[in-house]
1. Taking N as the number of residues in the range 347-387, what is its alpha-carbon radius of gyration divided by 2.2 N^0.38 Å?
2. Would you please classify the overall shape of the range 418-520 from the alpha carbon gyration tensor, given that a ≥ b ≥ c denote the square roots of the eigenvalues, rounded means a/c under 1.5, and beyond that prolate means a/b larger than b/c while oblate covers the rest?
3. Which of the residue pairs LYS418/LYS464; LYS382/LYS418; LYS382/LYS464; LYS382/LYS421; LYS220/LYS259 have a Cα-Cα distance greater than 28 Å in the structure shown?
4. Ignoring ligands, DNA and RNA, what accessible area per residue does the range 327-414 give at 1.4 Å, in Å²?
5. Just the number, please: carbon plus sulfur as a percent of the accessible area of the range 299-347, 1.4 Å probe, no ligands or DNA/RNA counted.
6. Hey, any idea what % of the range 520-612's accessible area is carbon plus sulfur with a 1.4 Å probe?
7. Using a 1.4 Å probe on the protein heavy atoms, what percent of the accessible area of the range 99-199 belongs to carbon and sulfur?
8. So what is the diffusion coefficient of the range 509-612 in µm² per second by Stokes-Einstein at 10 °C and 1.306 mPa s, using a Kirkwood Rh over Cα pairs?
Amino acid sequence: VMLVACGLVACSAPTLVVPSPRPTTSAAPIEQPTRPSVHEPRAHYVPREPDVDVTGVEKPDEHPFSRFSGPITNVVPTRSTVRLGDAKIGMVDKGRRFIVDAGRVTALDDSRVEARLDGFVQVPDGLGGGFVFYESGHAYLAKAFDAPLIQFRQAFLFYVGPGLVLGRLPGGQSEVRALDGSLVPNAPAELAMLWTHRSGFAIAVGKNGRFFTNGPTSWKKLSIGSVVGVEEADDKLIVLDSKDVAYHVGRDGKPVRLKDSEGLADSMKMARNFRSLADLTGGAAPKVSELPPEGALLARGWVPTGRKDDEWFKVVEGQPTVIRTRSNSLRSIGPKFQDEACKAEGSTGEPLLLCMGSSSLQVLRIDLDSGRRWPELEFQPKVGIQNFGPLTGYHPRTLAVDTDCRGEAEGSYCVRGKDGKYTTFALPAVPEKRGIHYVFPGELMPASRSEQGAIWFWRASEGKRYTFEPAALTEVSAALGWDGETVAGKKQPKFIEAAVLLTRSGLRSFYIPTPFDPLPEPPVSYAVDWPLDGSGNVRLTRVTGLVAPIGAHALRIDGGKLYETNDGWITWYEVAPPPTGVPASFAQATCDYRGCLLGSWTRIGWERPATL
């Protein structure tokens with residue numbers, strides 16, 4: 001297995017079942033609740049709920065991935081669904097618009113679209129309402145989601161303002177159109193950026209100065225120096241110039257210089273950093289009183305309980321909460337956490353709580369009926385915790401803490417076994433500098449590559465080392481592009497490791513084309529088996545199509561059909577695609593043990609439970 005991006009070479013292979021070693025540290029809970037009979041929710045599709053309520057568009061940014069800008073929400077405009085009513089959702093999928101109403105899917109007329117739609121932004125009512133749809137180099141205006149599309153002239157960047165859309169054209173030119181598609185004749189020439197207040201006014205920057213506007217035909221020049229940043233604050237915009245002088249600009253368009261400009265400049269820069277972080281982490285937690293739509297469960301971190309197909313749980317604002325999606329019931333279980341930051345986790349086959357307090361780390365079992373909790377692991381770590389939680393991409397998924405089970409020693413892992421007990425695995429003292437650690441219940445398998453190109457595993461449970469010589473890796477190295485520069489980390493690999501399985505005979509690792517390189521023709525992925533029987537016979541399996549892997553499961557697009565595997569790419573079953581058809585690609589697909597996010601759809605569960 002090889003992670004060249006980190007300067008590492010790692011390996012994976014088929015699955016191995018061994019007794020868990022005797023734990024050096026265990027905390028057997030008292031009066032443990034009966035473990036539920038666990039199964040994963042059966043696979044079904046629901047329209048994907050937006051992760052954030054996007055009511056506007058991104059801040060100005062010259063990045064090529066940002067085609068729309070304006071300071072409305074600071075969210076990159078890749079929105080593909082919008083709720084239009086209690087049971088009605090607008091959707092952009094496979095390059096065109098759909099309406100999903102009470103489960104019925106209707107395709108809209110997009111014959112005017114030159115290529116394929118990538119997404120849209122919703123224009124706030126204060127800015128005139130409606131939608132701006134986009135595809136590469138073009139924007140389309142529509143008063144309603146299902147209204148006819150009006151094409152905007154080709155541009156490389158778009159900004160939405162009060163009743164208008166600003167397009168940046170090649171050669172430094174710009175064009176301003178009203179939301180009905182008509183050209184705005186008296187707008188300043190060569191505008192570069194637009195910062196908008198959602199209530200209906202904006203500040204524009206162009207070659208000939210700074211301007212204020214509260215509508216397509218209303219433009220007023222502002223006496224402000226070069227603008228380097230704008231933030232929305234209540235009913236005003238705060239404008240910062242290159243000398244860290246700040247101004248308030250309100251609906252009247254009059255700039256008022258602020259006294260504490262230097263402190264405000266620092267706070268604005270900090271606020272931008274924090275807001276970006278909040279966007280990446282999903283922003284504020286939903287209120288317990290709000291039952292999340294089924295299409296938002298995976299994206300918002302809800303975990304299936306394993307007791308019923310429609311039952312999920314999560315810690316919401318410190319309160320463990322269970323919901324039933326089909327009966328629309330929500331209930332809190334047990335007392336609220338006060339000091340700890342706790343997260344629900346269910347990948348180990350039973351509901352767990354992972355809690356990080358100010359001075360302690362805890363893993364708790366929880367009874368989802370009574371709310372009672374039992375500590376499985378608790379200690380006060382004396383070293384920094386690099387990893388605390390389940391390792392994604394590995395199967396069986398397990399809980400691992402990047403210290404020993406007393407929280408004292410570096411260079412060790414504390415691993416949760418299938419029996420709920422914890423074992424300390426000390427990392428081997430080896431001369432090789434490059435390596436990666438595969439962590440499974442009852443196992444820890446560090447892997448590394450020698451200077452001669454051999455790859456080896458050291459199996460902690462039995463203390464054995466398994467070596468695969470360069471001659472046995474010729475086919476693997478050629479297929480995956482493991483040349484000297486890639487191994488040394490001097491260039492990106494052609495394929496990246498996407499998952500690792502512990503099988504009955506060794507390790508199996510999976511490689512998919514790196515998203516930073518063009519797809520090969522035809523797309524192909526590889527499984528590499530590293531048998532731990534001493535034979536050293538490495539096996540390479542070729543899988544055509546596009547693959548979205550996670551542990552023993554994966555989805556695959558091949559030949560216009562969708563397939564699922566539950567045994568680590570050994571067997572593939574054709575499965576039903578989303579209601580709008582087989583996805584064109586897996587460009588934005590993410591999967592975990594709960595299911596997958598596929599463009600505009602959420603696929604909850606898997607057709608079959610994992611067999612490894």
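1. Cα-based Rg divided by the globular estimate yields 1.29.
2. Taking the square roots of the gyration eigenvalues as a ≥ b ≥ c, the range 418-520 is prolate.
3. Beyond 28 Å: LYS382/LYS464.
4. 44 Å²
5. On the way: 900 of 2190 Å².
Exposed carbon and sulfur together represent 41 percent of the surface.
6. Values: 1700 of 3440 Å².
It is 49 percent, rounded to a whole number.
7. Summing carbon and sulfur atoms, their accessible area is 49 percent of the total for the range 99-199.
8. 110 µm²/s
The values are calculated or read from the model by the stated rules, or taken from the named source; none is laboratory data. Nothing here was measured: the structure is a model prediction, and the numbers come from that model. Here Cβ is always computed from backbone atoms with ideal geometry, including for glycine, and neighbour counts include all displayed protein chains. Surface areas here come from the heavy atoms of the whole protein model, side chains and all, with no ligands, DNA or RNA. Shrake-Rupley method; radii C 1.70, N 1.55, O 1.52, S 1.80 Å.
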